[in-house]
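Each remark here refers to the structure printed beneath this line.
Values in this text are rule-based calculations from the coordinates and carry no lab data. Given the structure is predicted, the values throughout are model-derived calculations rather than measurements. Here the Cβ positions follow ideal geometry from the backbone for every residue, glycine too, while neighbour counts run over all protein chains shown.
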Amino acid sequence: MDTIDSAILIPAFIAGLLVLTTHIPLGMKVLARGVIFADLAVAQIAGLGVVIASLLGFTDKPLLVQLIAAASALCGAGLLAWIEYRLAEVKEACIGLTFVLAASAGILLMSRDVHAGEHLKDLLVGQILWVNSSQLMVTALLSAVILLIWRRWTLGNLGFYALFAVAVTASVQLVGVYLVFASLIVPALATWRILQNRLAYAFAIGIAGYAVGLLLSAWLDLPSGAAIVWAMTLVGILLALLKRCYD
């Protein structure tokens, strides 16, 4: 790996680690609650907030973009909490529909933007290779606050979704919708049968996925986000198979 690759890949890897610190425990909770589409829905609603901020001309004001995205995600979190409470029997269908509606709304809003294709790609796949030190510091601080709240307070239905929305809002702009979903679900799903040291195995899958995916994207000139999603999934499958063979 040359110096240029190191200068790009190391911050990207750190960004991945920061995302994993909050998304792995949240992903396990999402899987346990049976609301798998919730992460996609909240991520897409946060992304919709970014699209709205862009259309309002706030792209050069990142803090304002973040606030609009967070407000959008919190509204989505409130909606999902209401769905889980009032429509429990069909919650997955309703949450999935919420995701589709948010995604479709984003496409409609961007339909007259000549750069819509590029914006949509950035939203879905992210720009993890171009994270900067200020983004990493803000994300690290936010992750620490989220973990503190997660460990110290017992969260109700709305509290869980609100914390989830805040975590996802920051990570969507850092790594994109696809990687947010993969970071939440792949480690949790690959380790769901593991009773001892599950968290350690989940972090091993996430860390290996980001490392292998970033290296492959550099060596083979592949899109980094998509490469990480596939790498993490394959690592998760491999670990699950090995555990089944040796247990």
Rounded to the nearest 500, what is the chain's calculated 222 nm mean residue ellipticity when only DSSP H runs of at least 4 contribute -39500 (n - 2.57) each, over all residues? -28500 deg cm²/dmol
Provide the per-residue ³J(HN,Hα) series for region 53-59, in order, calculated from phi with Karplus coefficients 6.51, -1.76, 1.60 and θ = phi - 60°, each as a whole number of Hz, with x at glycine and proline positions. 4, 5, 5, 7, x, 9, 4
Hz values of 3J(HN,Hα) by residue in region 207-219 - Karplus curve (6.51, -1.76, 1.60), Gly and Pro given as x: 5, 4, x, 5, 5, 5, x, 5, 5, 5, 5, 6, 6
Using only Cα atoms, locate the centre of region 45-102 and the centre of region 185-205, then give the distance between them in Å, rounded to an integer. 28
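Evaluate the charge dipole of the chain about its Cα centre and quote only its size in Debye, nearest 20, assuming +1 on the Cβ of each Lys and Arg and -1 on the Cβ of each Asp and Glu.
Details: 13 positive and 12 negative charges, 164 e Å.
Its charge dipole is roughly 780 debye.
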Quote to one decimal, in nm, the extra length available between residue 196 and residue 130 on full extension: 0.36 nm per residue of separation minus the C-alpha distance between them. 20.1 nm
Listed with the fewest Cβ neighbours within 10 Å leading, 75, 94, 245 appear as 245, 75, 94
Which of (1) 26, 24, 17; (2) 30, 20, 16; (3) 44, 22, 13 gives semi-axes √(5λ) of the Cα gyration tensor in Å as computed here? It is (1)
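Note down the relative contact order for region 134-247 as a percent, whole number, built from C-alpha pairs under 8 angstrom at least six residues apart. Could the numbers behind the result be given before it?
Details: 83 pairs, mean separation 26.0, N = 114.
For region 134-247, the relative contact order is 23 percent.
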Once the dipole of region 3-246 is set up from charges on Cβ (+1 Lys and Arg, -1 Asp and Glu), the residue from the list 31, 245, 128 lying farthest towards its positive end is 245
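Quick check on the exposure proxy: order 171, 6 from fewest to most C-beta atoms within 10 angstrom. Write down the numbers at each step before the final one.
Numbers: 171 28, 6 11.
Going from least to most buried by this count: 6, 171.
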So which residue, out of 28, 232, 137, gets the largest mean-square fluctuation from a GNM of the chain using Cα contacts under 10 Å as springs? 137
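Could you list 141, 20 so that the one with the fewest beta carbons within 10 Å of its beta carbon is first and the one with the most is last?
Working: 141 12, 20 24.
Fewest-to-most ranking of 141, 20: 141, 20.
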Residue by residue through region 71-81, the couplings from Karplus 6.51 cos²θ - 1.76 cosθ + 1.60 with θ = phi - 60°, in Hz, x for Gly and Pro, are 4, 4, 5, 5, 4, x, 4, x, 5, 5, 4
Below 8 Å, C-alpha to C-alpha, sequence gap of six or more: please give me the relative contact order for the chain in percent. 30
